[in-house]
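Take a look at the structure below.
No value in this document is a laboratory result; all are computed from the given coordinates. All values derive from a computational prediction rather than experimental measurement. Counting neighbours? That spans all protein chains shown, and the Cβs are built from the backbone with ideal geometry, glycine included.
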Amino acid sequence: MIRPVHGGNLAWAAALAGCPPSAILDFSASISPLGPPESALAAIQAHLSSLTAYPDPDYGELRTALGEALNVDPDWILPGNGSAELLTWAAWDLSKLEATYLVTPAFGDYWRALSAFGAQVLDCPLDLKSLNPETGNGLVTDDLSVSNGSLVSPSLALPVPLPLGADRALLLNNPHNPTGLLFGREAIRPYLEQLGMVVVDEAFMDFLPPAEQQSSIAQVEEFPNLVILRSLTKFYSLPGLRMGCAIAHPDILRRWQLLRDPWPVNALAAAAAAAMVRDAAFERQTWDWLPVARRELFEGLADLPGLRPMAGAANFLLVESSVSVAAIQKSLLQQHRILIRDCLSFPELGDRFFRVAVRGRADNLRLIAGLADVCCQL
């Protein structure tokens, strides 16, 4: 079986571990352990009868619910079959420009989408050695600078400007995957003022409480060249339902709507999404849980010899290892039935980094114990 590019491939893990997929404890996919919320499941149950009709092609009820949740006019929102579908159309627009700056290491699907349309990509690598590993509370930069091909905080590199202009674009995610780095919204603003298009993937932004978020959504009306992508599957633990949205100028969204397949969001996904984005109790539960769980996992990993976790603002941690991660991953699966996300699909990281989701306390302790066991064998 081919090694997976993304996390969450339990069939591959189970084949390697010699057990059923249900026996695998999955830390490879950054999905909240708290969901799905009962509100979403109840909405699915209540709308089963809607399967005999086509969904509303305009998704009016869903866009209204998303508009209320995101404080955006519904006309500026386009629901999609996961944010991956909407990334494809963003990449289609990006390919029309001369070049796109891509903050790396980058989510592999960015490469897929950009290469599908022949977009010219300019790597902007983060200086991982300069990221502060001493705290597990998250990391917010005050500014971004382009330096030697890198789009980073000035604390990480000296600013040496590269050519910018309306014929170039920027694609980044915030918080950044896989580092968890959180960029300040004002740090992105200069690029909105200078570039032809800026696409910000905020797939993990909802894991931060509103007072700590650095979302650029409030800037979409000011900057018609800004596109925000949001995932609705990670926070609400429904990756199999495929649900996301784009926030951008209506002209951009109408163009995408004309190009894409009709009814990309099925009726049950639309109903579940409309219900769960209004579920304030579930949001609060997540915001109360994550900081404590992330801190405990960070400290447990930091105590293990040969492992160096990095501070992150999302529901996952990037960990540097002094030994082969492929060997750690294999031993964890075969001896403990635990799956971690190797970083072989990130060329800048290779076999010395892995990423783990933040799960419940018992699961996190099991991971730490399993890592302690296998690392001492390697």
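Of note:
- Pairwise FRET efficiency - ASP251 versus ALA327, Cβ, R0 = 56 Å, nearest 0.05: 0.65
- Farthest positive-ward along segment 38-278 dipole, Cα basis, beta-carbon charges - from ALA274, TRP263, LEU192: TRP263
- Partner aspartates and glutamates whose Cα lies under 14 Å from the Cα of LYS129, excluding those fewer than 8 positions away in the same chain, are identified as GLU320, GLU348.
- Packing, as the average of other Cβ atoms within 10 Å across residues, places the peptides 353-364, 19-30, 248-259 in the order 353-364, 19-30, 248-259, highest first.
- Convex hull volume of the chain per residue (C-alpha atoms, cubic angstrom): 134 Å³
- Dividing the mean sequence gap of close Cα pairs (under 8 Å, 6+ apart) by how many residues the chain holds gives a relative contact order of 24 percent.
- Stretch gain in nm, segment VAL292-LEU48, where the contour uses 0.36 nm per residue and the Cα spacing is subtracted: 84.1 nm
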